1. Scan segment 224-251 residue by residue and report those that are modelled with pLDDT under 90 and of a type in the set (A, V, I, L, M, F, W, C).
2. For a quick check of your reading of the model, give me the residue pairs whose first member lies in segment 175-200 and is closer than 16 Å to Asp240 by Cα, whose second is at pLDDT 85 or above and in a loop (DSSP other than H, G, I, E, B), with beta-carbon atoms closer than 7 Å and at least 6 apart or on different chains.
3. Look through segment 204-229, keep the residues that are among the charged types (D, E, K, R) and free of Cβ contacts under 8 Å to residues at least 12 places away in the same chain, and return whichever of them is surrounded by the fewest Cβ atoms within 10 Å (Cβ to Cβ).
4. Kindly establish whether Thr420 is among the polar types (S, T, N, Q) and either within 25 Å of Pro269 (Cα to Cα) or crowded, with 22+ Cβ neighbours inside 10 Å (or both).
5. Of all residues being touching a residue at least 24 places away in the same chain (Cβ under 8 Å) and assigned to a loop (DSSP other than H, G, I, E, B) in segment 238-256, which is nearest to Ser228 (Cα to Cα)? Just the residue, please.
6. Quick check on segment 281-309: of everything there that is of a type in the set (S, T, N, Q) and under 22 Å from Thr377 (Cα atoms), which residue is surrounded by the fewest Cβ atoms within 10 Å (Cβ to Cβ)?
7. Any chance you could count how many residues in segment 29-86 are part of a loop (DSSP other than H, G, I, E, B) and surrounded by 12 or more Cβ atoms within 10 Å (Cβ to Cβ)?
8. Could you check segment 1-24 and list, in sequence order, the residues that are out of contact with any helix residue (DSSP H, G or I) (no Cβ under 7 Å at 6 or more places or on another chain), at pLDDT 90 or above and assigned to a loop (DSSP other than H, G, I, E, B)?
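The values are calculated or read from the model by the stated rules, or taken from the named source; none is laboratory data. Everything numeric here is computed off the predicted structure, so don't read it as measured data. Don't worry about glycine lacking a Cβ; one is built from the backbone with ideal geometry, like all the others, and counts go over all protein chains shown.
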Amino acid sequence: MGSEKRLYILDTNVLMHDPTALFRFEEHDVFLPMMILEELDAAKKGLSEVARNVRQVSRFIDEMMQQQEITNLEDGLDLIVPDGLDLAKCTGKLFFQTAMPEAHSSLLRDGSFADNEILSTALSLRKTNPKQNVILVSKDINLRIKAAILGVPAEDYYNDRALDDLSLLYRGTRSHGADFWDHYPELESWSEGGRTLYRFNLKEENGWYPNQCVSIGDHNGVEAIVKSVDKSSVKLQLVDDYYEGHKNVWGIHARNREQNFALNLLMDPDIDFVTLMGTAGTGKTLLTLAAGLAQIMDKKRYSEIIVTRATVSIGEDIGYLPGTEEEKMTPWMGALTDNLEVLTQPQEGGEWGRAATNDLLASKVKIRAMNFMRGRTFLNRFVIIDEAQNITPKQMKALVTRAGPGTKMVCLGNVEQIDTPYLTETTSGLTFAVDRFKDWAYAGHITLRRGERSRLADFASEAL
């Protein structure tokens, strides 16, 4: 294909997923079949993100028509990026279907099917413009398979990906052997505020980020966090020790190196945004709740914990739930209540002490639905976004921008367990957050890899 100008036919699901997709094809042209406009019109009602995206697509097209004062669309519209969108300039045109397609294949038996209408349009365009590169862009795998059967070039939509492959995602850690110190003989060391810090000059190497977790040597070696990175040097600070026999966070000790790093990130008041990724049983929710309770009840750093998550079922929907907002959210918060049971076991006081502790914590831990977050501002709160792999980048932006002064936000998730349609490991809001915040001085990330729930859970996560 090279640099040859192409004509991209956009499927409805691409625009439902990203309304700015119209402006993502640089110098190439975009084509919208009539069936796409029909499907957009059918999906415009409601308060879901898909409905909002569909309405935005219509507004983009209407705005271009008004700007260019065009009523006859046979010659297409110039794709002009609207003000306020941080996108590169595109010089292509937007074309619409102005004639009914012919049925070009007996494989397309029923033209009433939307996919078959789109494929018929693609085949007509290829017949009437044999020299033009016509490419179908869809997030529907089955439609791409159908297109391949009919010889129509088809591609997935890639512009919504945070990165090309999940293996490239920032993991938040660096490991070095015991010979690390030999590579930096000019290393400086000093104490500041009761903490040990190191500074060394950077050589020709990349991959150092603020608040990155660094392990040097074997299991009993040095554990540190990068406090600052500039063009010439890196400053490290030794972490607090939360292992058994040392400090604890609300009675919780770290069971492995990643958990110790996670507790340091969660307990650091200078870090406003923390992302924890890991498979089931790695301790994401327990560590986060323990850190939140310790900083609310003991340190008085925050006023309360706010917990929210995407309400995506793992199985069939069980229908409407009665009660208040908090009562409706309770079935989705099983992980929260399970971990609170672990954290609310007083050593003394028996049943009375346990009941008093539960009542106290209930007043400090609030469950909120994601649906009602727009327009809110959280002041001095410890906000936990659970199951963050199931939210889109736009939803992630809407949630994180709720943070007011003194608020810390923590995102938890496992990108191997995505239940939201059209979201993948590389397009999840959690993946975007990890990738976009890795260079920010007030954000931290760690990927937890070792399960600590039980030997049964560990074996099941590997064997099943």
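1. Listed by number, the list holds a single entry, Trp250.
2. Within 7 Å, the pairs are Tyr198/Leu187.
3. Residues of segment 204-229 that are among the charged types (D, E, K, R), as a first pass: 204-205, 218, 223, 227.
Cutting the leftovers down to free of Cβ contacts under 8 Å to residues at least 12 places away in the same chain gives us 204-205.
Details: Glu204: 4, Glu205: 8.
Within segment 204-229, the match that is surrounded by the fewest Cβ atoms within 10 Å (Cβ to Cβ) is Glu204.
4. Details: among the polar types (S, T, N, Q): yes; either within 25 Å of Pro269 (Cα to Cα) or crowded, with 22+ Cβ neighbours inside 10 Å (or both): no.
Here the answer is no, as Thr420 does not meet what is asked.
5. Top of the filtered list is Val239.
6. Our first condition is that a residue be of a type in the set (S, T, N, Q); within segment 281-309, this holds for 282, 285, 288, 295, 303, 308.
Keeping just the survivors that are under 22 Å from Thr377 (Cα atoms) gives 288, 295, 303, 308.
Working: Thr288: 25, Gln295: 20, Ser303: 15, Thr308: 25.
Taking the candidates together, the pick is Ser303.
7. We begin by selecting, within segment 29-86, every residue part of a loop (DSSP other than H, G, I, E, B); these are 33, 43-48, 69-76, 79-86.
Okay, now just the ones that are also surrounded by 12 or more Cβ atoms within 10 Å (Cβ to Cβ), so 33, 43-44, 48, 70, 73, 76, 79-82.
Final tally of qualifying residues: 11.
8. Correct list: Arg24 only.
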